[in-house]
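So the structure is just underneath, and the comments pick up after that.
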Amino acid sequence: MMLLAVVATNRRQSLPPRRVGTALARRSLNPARDWRRHVYAARDALLRGTPLATAAPSSSLKVPAESELARERRRRIVAATDVVLELDAPSLCRALGIARARLVADLPLAARMMMNHVICWSAGYIKQSFDSFRRLRRFAGSSPMDGMTVAAFLESVDSSARQGAKRKRDAPSEIPGFVRNDANGSRAAIKQLAGLRWVAAYLGVELPLDAPVLKRFCVSTADKQAAPSTCLSVRAVCALERASKDPNLSPFVRGHCAAHAFQVLACCRLTQMQRASIVHDERSQARSMATAREKDPRPGHSRPRPFWAIRDGIDGPGYLDSIDAMLEDLDSPSFVLRDADSADGDPSSAARWKPRACTGARANASLRDCLQVACGMSKEQAAWYSSSHARHFLPLVALMRHENADRRNELGRWSGAAARSALPVEQAIADQANKAAVMPNRYATAAIPHMVIGIIEDQVEACRNLVAKHGLESLPLHGGFELLGADGGNGEPAVTASVVGRGNSP
């Protein structure tokens with residue numbers, strides 16, 4: 001018995017250092033003991049360092065609310081804790097760039113470093129990215145984590161997303177006359193792959209993401225070029241208007257050119273324009289719209305917002321007639337840009353209208369095809385622009401004309417604008433009258449929508465004067481907004497507006 005004990009002792013002493021470290025690591029990284037304890041200690045230390053609101057004086061029973069920055073940091077810490085607790089020892093070693101023996105020797109420092117590393121990203125991004133990895137683990141089960149397994153997972157995500165998008169489009173809408181045309185789910189697998197890449201790159205999880213079978217889920221950037229301008233030029237917008245009134249072009253091209261010009265002059269996002277109720281008022285100087293859903297960073301606070309497009313564009317009246325002709329056979333349409341039967345969305349190859357909105361990649365293909373037809377752009381130049389650039393046009397024109405911040409804010413109906421109301425035009429005017437006593441020096445009690453329409457008309461009139469002075473063909477095809485700053489768009493020095501309303505009153 002004594003001899004067996006001596007032999008066992010000698011065997012333990014003769015173990016290679018690597019095997020000894022592995023044995024210690026297995027014992028020390030027990031999730032129920034050391035590692036969890038040190039991660040929670042690091043979490044508590046970070047939470048104690050979070051600036052929290054202090055209690056009010058004893059005479060007050062109300063405690064001030066925690067600042068938004070403190071709440072966001074707290075959310076990051078909680079999300080990082082959940083992620084770090086799920087990482088295994090090999091992933092931790094790769095993320096920290098250390099050997100396993102070093103990890104075992106200094107668990108408190110490793111936990112603290114990993115927590116400080118993960119909280120550099122927002123809480124939503126941490127959860128979304130790691131949820132992609134969790135979904136992949138559940139999908140793989142006992143299968144090996146190889147490229148074929150990841151490709152099968154992404155295929156299942158793509159199929160489920162497309163089916164879910166189709167069910168949502170086919171579901172009845174609570175808004176009368178509203179046609180659903182949400183995203184088709186084509187980017188779901190791309191987003192999941194992006195989350196997996198973050199997990200592999202920053203958390204040290206070993207995933208076979210370089211397998212050639214995954215290349216088809218990657219977004220190709222080989223043909224992309226940097227755009228020389230952030231939005232369409234004055235010449236491009238005016239050319240779209242002229243093309244919408246050209247009888248030699250097909251009704252599909254005319255309608256789409258008019259719709260893209262509409263989006264620019266209304267200063268709205270594509271989502272707003274394609275999810276809106278349209279109000280026809282012959283007495284008004286503009287086409288009134290109310291979007292069915294507005295973007296808001298706070299869930300549950302999103303509500304409809306109105307916007308307007310003036311009847312007379314840079315090239316004069318008439319571009320709205322092509323939109324009316326495009327939508328005339330629809331009963332209460334809820335969108336402006338109508339889809340056609342072309343393969344990619346370009347109106348040049350269309351032969352029949354579809355009773356649905358044109359959104360996403362098809363809307364971008366439509367815009368680029370219209371730019372080639374109306375402006376003579378090359379395919380490479382037209383690829384610089386997308387529908388998201390339309391909202392930049394009027395604010396950039398106003399900025400170059402030295403409009404003040406209040407008037408520029410009204411163009412986009414951003415936070416604090418008078419036009420942020422979910423009511424129709426007449427009710428919005430009456431509702432705003434109740435708030436006039438709060439801001440008597442900023443807004444009048446008269447028609448707020450008409451004030452916003454007047455601000456839009458001022459910018460369009462400046463562009464119209466610029467075209468009349470220089471000629472459309474002499475203006476730059478890309479950019480050229482500095483010409484508005486040089487002469488104010490009307491041959492006179494631009495002045496700064498000091499009041500909110502129509503005109504540049506000193």
Open item on the list: Check which residues have an amide H placed less than 5 Å from residue 356's amide H, if you skip close sequence neighbours.
Closed with: 339
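Report the gain in length on full extension from residue 44 to residue 134: 0.36 nm times residue separation, minus Cα-Cα distance, nm rounded to one decimal.
Working: separation 90, 0.36 × 90 = 32.40 nm, distance 2.52 nm.
Taking residue 44 through residue 134 to full extension adds about 29.9 nm, to one decimal.
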- [ ] Taking the Cα centre of region 337-383 as origin, sum charge times position over the Cβ atoms of Lys and Arg (+1) and Asp and Glu (-1), and report the length of that vector in debye to the nearest 20.
- [x] 180
Task: Spacing of the two label points (7 Å from each Cα toward its C-beta) at residue 216 and residue 356, in nm - done: 2.2
- [ ] Set the Förster radius R0 to 60 Å, insert the Cβ-Cβ distance between residue 37 and residue 168 as r into 1/(1 + (r/R0)^6), and round the FRET efficiency to 0.05.
- [x] 0.85
Task: Ranked by how many other beta carbons lie within 10 Å on average, peptides 139-146, 188-195 from highest - done: 188-195, 139-146
TODO: Sort out for me the Cα centre separation of region 67-117 from region 121-162, rounded to whole Å.
DONE: 22
TODO: Between residue 152 and residue 450, take the C-beta separation as r, use R0 = 45 Å, and let me know the FRET efficiency to the nearest 0.05.
DONE: 0.15
Open item on the list: Quick check: residue separation of residue 209 and residue 405 times 0.36 nm, minus the Cα distance between them. What number comes out in nm?
Closed with: 65.8 nm
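The numbers here are math on the coordinates, done by the rules we state, and not lab data. Remember, predicted model here, so these are calculated numbers, not experimental data. Positions of Cβ are generated from backbone atoms using ideal geometry, with glycine treated the same way; all protein chains shown enter the neighbour counts.
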